[in-house]
Amino acid sequence: MGRRQMADVLKTSSGRVRKKTGYHHGDLRNAIIEAVAKLIAKSHSLDFQLKEVGKMVGTSVPAIYRHFESKQDLLVETAIAGYVLQENYRSYALDQAGDMVLSRLLAVGYAYVHFARSHPGYFLLMKSMETEEILSSETYQAQRYKTIRLMDELVTECSSEGYFTDVEKDLVLAVLQAAAFGIANLYTADQLRYVAPGLIGQEDVVARLFKISLRAVLSEAGMRAVETVAGDPFQDIPNKPE
């Protein structure tokens, strides 16, 4: 898949969202979910009304209830759709990373941040606003643990290659999560223009920040390897959604 085609894939979760059994208006259903994500991105809150969602997509509240049992059900499905979209980013990044395991580890981080930059509403719901209903969803939890398992496997493989200092695996995982979440929030909270305005517009800044963070736990072999890893694949995607 070319970069321009991939840009289109990364713009939306439409066509990749589970449909509720018995309903066939898939386009409307996906439009409702994406409208919710946009409302969350705008207000940084879950305090919206379904009539606002209906207005955005040109439908009625009763029509929304034909696809979702409640507002909480809609939030659960939006969070699930967000994970599907995040996985699209991750799959693309891993495809571009090649076989070097340290490149693949960084690729997952790049995907996390660029997903957050391009789809802040989904990101905020998934990472900062999870409701009890979302956390109780077996589908959502399966998606979350799939990501956790992948990171665990990549860190374990990097350790076997001698890329990390003699620190426990959980510390490495915590460093990576802190870096990914922190960098993502620089963008979703629009903090970069306050704390580091000189970095705005520098598309390689995500990769640079990750590498600086990762160096805290890299061995000498890891330091050498990180200079040869694949770059951030998202900075070259044309018309990248923001």
For this session: Answer with yes or no whether residue 104 is surrounded by fewer than 18 Cβ atoms within 10 Å (Cβ to Cβ) and among the basic types (Lys, Arg).
Result: no
Exercise. Taking into account only those residues within segment 67-86 that are of a type in the set (D, E, K, R) and surrounded by 15 or more Cβ atoms within 10 Å (Cβ to Cβ), which is nearest to residue 34 (Cα to Cα)?
Worked result: 77
Seminar exercise, completed: Checked 163, 187 against criteria (aromatic (Phe, Trp, Tyr) and farther than 12 Å from residue 214 by Cβ); the one match is 187
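Given the options 122, 140, 145, 89, name the one that is of a type outside the set (D, E, K, R) and surrounded by fewer than 15 Cβ atoms within 10 Å (Cβ to Cβ). Give the steps one after another, and end with the answer.
Details: 122 fails: surrounded by fewer than 15 Cβ atoms within 10 Å (Cβ to Cβ); 140 fails: surrounded by fewer than 15 Cβ atoms within 10 Å (Cβ to Cβ); 89 fails: surrounded by fewer than 15 Cβ atoms within 10 Å (Cβ to Cβ).
Result of the check over 122, 140, 145, 89: 145.
Residues that are more than 16 Å from residue 116 (Cα to Cα), touching a residue at least 24 places away in the same chain (Cβ under 8 Å), outside any loop (DSSP other than H, G, I, E, B) and not aliphatic (A, V, I, L, M): does segment 177-186 have at least one?
As a first pass, look at segment 177-186 and keep what is more than 16 Å from residue 116 (Cα to Cα): none.
No, every residue in segment 177-186 fails to be more than 16 Å from residue 116 (Cα to Cα), touching a residue at least 24 places away in the same chain (Cβ under 8 Å), outside any loop (DSSP other than H, G, I, E, B) and not aliphatic (A, V, I, L, M).
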Seminar exercise, completed: Of those in segment 187-197 that are assigned to a loop (DSSP other than H, G, I, E, B) and among the hydrophobic types (A, V, I, L, M, F, W, C), the residue nearest to residue 113 (Cα to Cα) is 189
Problem set entry | From 201, 231, residue being at pLDDT below 95 and surrounded by 13 or more Cβ atoms within 10 Å (Cβ to Cβ) | 231
For this session: Scan segment 128-135 and give yes if some residue there is more than 17 Å from residue 34 (Cα to Cα), among the charged types (D, E, K, R) and either part of a helix (DSSP H, G or I) or in contact with a strand residue (DSSP E or B) (Cβ under 7 Å, 6 or more places away or on another chain) (or both), otherwise no.
Result: yes
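Which ones in segment 180-198 are among the hydroxyl-bearing types (Ser, Thr, Tyr) and surrounded by 13 or more Cβ atoms within 10 Å (Cβ to Cβ)? Talk me through it step by step, then tell me what you get.
As a first pass, look at segment 180-198 and keep what is among the hydroxyl-bearing types (Ser, Thr, Tyr): 187-188, 194.
Passing the criteria: 187, 188.
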Exercise. Only one of 206, 172, 217 is hydrophobic (A, V, I, L, M, F, W, C) and either surrounded by fewer than 18 Cβ atoms within 10 Å (Cβ to Cβ) or more than 28 Å from residue 129 (Cα to Cα) (or both); which?
Worked result: 217
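Would you check which residues across segment 151-168 are free of Cβ contacts under 8 Å to residues at least 60 places away in the same chain and within 18 Å of residue 103 (Cα to Cα) and list them?
Within segment 151-168, the first condition is being free of Cβ contacts under 8 Å to residues at least 60 places away in the same chain, and the residues that meet it are 151-157, 159-160, 164-168.
Listed by number, the residues that qualify are 151, 152, 153, 154, 155, 156, 157, 159, 160, 164, 165.
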Exercise. If you check 138, 87, which single one turns out to be without any contact (Cβ under 8 Å) to a residue 24 or more places away in the chain and either in contact with a helix residue (DSSP H, G or I) (Cβ under 9 Å, 6 or more places away or on another chain) or not aromatic (Phe, Trp, Tyr) (or both)?
Worked result: 138
For this session: For segment 144-172, name all the residues that are among the basic types (Lys, Arg) and more than 19 Å from the chain's Cα centre (by Cα).
Result: 169
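So, restricting to helices (runs of 4 or more DSSP H) that lie completely within segment 24-105, which ones have at least 1 residues that are in contact with an Asp or Glu (Cβ under 9 Å, 6 or more places away or on another chain)? Before you say what the answer is, go through the steps one by one.
On the way: elements: 26-43, 50-57, 61-65, 71-97.
Helices (runs of 4 or more DSSP H) meeting the threshold: 26-43, 50-57, 71-97.
Keeping to segment 198-219, report how many residues are in a loop (DSSP other than H, G, I, E, B) and more than 21 Å from residue 160 (Cα to Cα).
First, the residues of segment 198-219 that are in a loop (DSSP other than H, G, I, E, B): 200-204, 219.
Filter again for more than 21 Å from residue 160 (Cα to Cα), leaving 200-204.
Summing the residues that are in a loop (DSSP other than H, G, I, E, B) and more than 21 Å from residue 160 (Cα to Cα) in segment 198-219 gives 5.
Yes or no: residue 177 surrounded by fewer than 19 Cβ atoms within 10 Å (Cβ to Cβ) and modelled with pLDDT under 95? Break it down stepwise before answering.
Values: surrounded by fewer than 19 Cβ atoms within 10 Å (Cβ to Cβ): yes; modelled with pLDDT under 95: no.
No: the conditions fail for residue 177.
Test of understanding: among 128, 137, 159, which residue is within 29 Å of residue 77 (Cβ to Cβ) and at pLDDT 95 or above?
Values: 128 fails: at pLDDT 95 or above; 159 fails: within 29 Å of residue 77 (Cβ to Cβ).
Result: 137 is the single residue among 128, 137, 159 that is within 29 Å of residue 77 (Cβ to Cβ) and at pLDDT 95 or above.
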Problem set entry | Verdict on residue 27 being of a type in the set (Asp, Glu) and modelled with pLDDT under 95 | yes
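The values are calculated or read from the model by the stated rules, or taken from the named source; none is laboratory data. Computed from a predicted structure; not experimentally measured. In this analysis, Cβ positions are derived from the backbone assuming ideal geometry, glycine residues included, and neighbour counts consider all displayed protein chains.
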